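*Asks:* Okay, here's the structure, questions in a sec.
Just so you know, all these numbers are worked out from the coordinates, no wet-lab data involved. What you see is a predicted model, and the numbers here were worked out from it, not measured in a lab. Cβ placement follows ideal geometry from the backbone for every residue including glycine, while neighbour counts extend to all protein chains displayed.
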Amino acid sequence: MSTANVKRVKSSDIELKEKVVSINRVAKVTKGGRTFSFSALIVVGDGNGVVGYGLGKANEVTDAISKGIDDAKKNLVKVPVLKGTVPHDQLGKYGGGRVYLQPASHGTGVIAGGAMRAVLESAGITDVLAKSKGSSNPHNVVKATIDALLKMRDAFTIAQTRGISLKKVFNG
């Protein structure tokens with residue numbers, strides 16, 4: 001995640017919905033046999049432009065999920081949502097994961113794969129065309145999707161950055 005213009009959000013003042021993206025079972029072989037441990041990748045969001053992800057690890061699935069939720073609440077960011085879709089085309093990448101997000105007209109729905117769908121729906125995006133290229137590893141896809149969302153800028157932000165009126169952004 002680039003920290004240039006990331007808008008962090010406090011989790012105490014908003015109602016968040018959690019989604020479990022993936023649960024991974026890991027075995028450690030000891031002289032007493034196999035010891036199983038679990039890791040859970042969780043995405044949380046308020047459905048209104050605030051989204052975050054977290055990773056929890058524990059010996060029980062429920063503990064891993066609750067740790068993941070706590071971690072996700074610490075990593076909340078604000079992303080631009082424009083009439084239920086994204087403001088413009090954007091590529092995002094993290095590790096081997098590459099994602100492409102494209103705005104869609106109202107009624108299209110979320111056309112995206114599993115891990116990407118969880119992030120987009122949690123952020124409150126209802127209409128988007130998305131493509132996952134490269135790695136299908138849920139960790140990398142989630143992080144690449146959030147990277148793409150953080151790179152998005154709406155017209156108001158562009159006008160503020162350039163110091164010009166909103167009308168001049170569109171008319172040139």
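*Asks:* Provide Rg and Dmax in Å for the stretch 79-161, with only Cα atoms included in the calculation.
*Replies:* Calculated on Cα positions, Rg and Dmax stand at 12.0, 37 Å.
*Asks:* Mind pulling the angle between the C-alpha long axis of helix 114-123 and the longest principal axis of the chain? Nearest 10 degrees, somewhere in 0 to 90.
*Replies:* So the inclination is approximately 50 degrees.
*Asks:* Given the Cα-Cα distance of T30 and A155 and 0.36 nm per residue of separation, how much length would full extension add, in nm?
*Replies:* Net length gain for the segment: 39.3 nm.
*Asks:* Kindly work out what percent of the DSSP beta bridges joining two residues of the stretch 79-161 are antiparallel, to the nearest 5.
*Replies:* Roughly 85 percent of the beta bridges in the stretch 79-161 run antiparallel, per DSSP.
*Asks:* Hey, another quick one. Expressed as a whole percent, how much of the Cα-Cα distance distribution for the chain exceeds 21 Å?
*Replies:* On the way: 7483 of 14706 pairs.
So the portion of pairs separated by more than 21 Å is 51 percent.
*Asks:* Turning to a different aspect of this structure: Can you give me the relative contact order of the stretch 1-116 as a percent, contacts being Cα pairs under 8 Å and 6 or more apart?
*Replies:* Normalised by residue count, the contact order of the stretch 1-116 is 20 percent.
*Asks:* Right, here's the next one. Excluding residues on the same chain fewer than 8 positions from K73, give the lysines whose Cα lies under 21 Å from its Cα.
*Replies:* K7, K10, K17, K19, K57, K143, K151
*Asks:* Another question, if that's okay. Once the cut-off is 13 Å, how many percent of the Cα-Cα pairs in the stretch 17-77 end up in the long-distance tail?
*Replies:* Percentage above 13 Å: 58.
*Asks:* In addition: Which order, highest average first, do 160-169, 131-140, 91-100 follow once you tally other Cβ atoms within 10 Å for each residue and take the mean per peptide?
*Replies:* Packing order, densest peptide first, comes out as 91-100, 131-140, 160-169.
*Asks:* Moving to a separate point now. Gain in length, S136 to K17, computed as 0.36 nm per residue apart minus the alpha-carbon separation, to one decimal in nm?
*Replies:* Between S136 and K17, full extension yields an extra 40.4 nm.
*Asks:* Then there's this: Given the peptides 68-77, 24-33, arrange them by the average over their residues of other C-beta atoms within 10 Å, most packed first.
*Replies:* Result, highest mean first: 68-77, 24-33.
*Asks:* A further question on this structure: Counting DSSP beta bridges with both partners in the chain, what percentage is antiparallel, nearest 5?
*Replies:* 95
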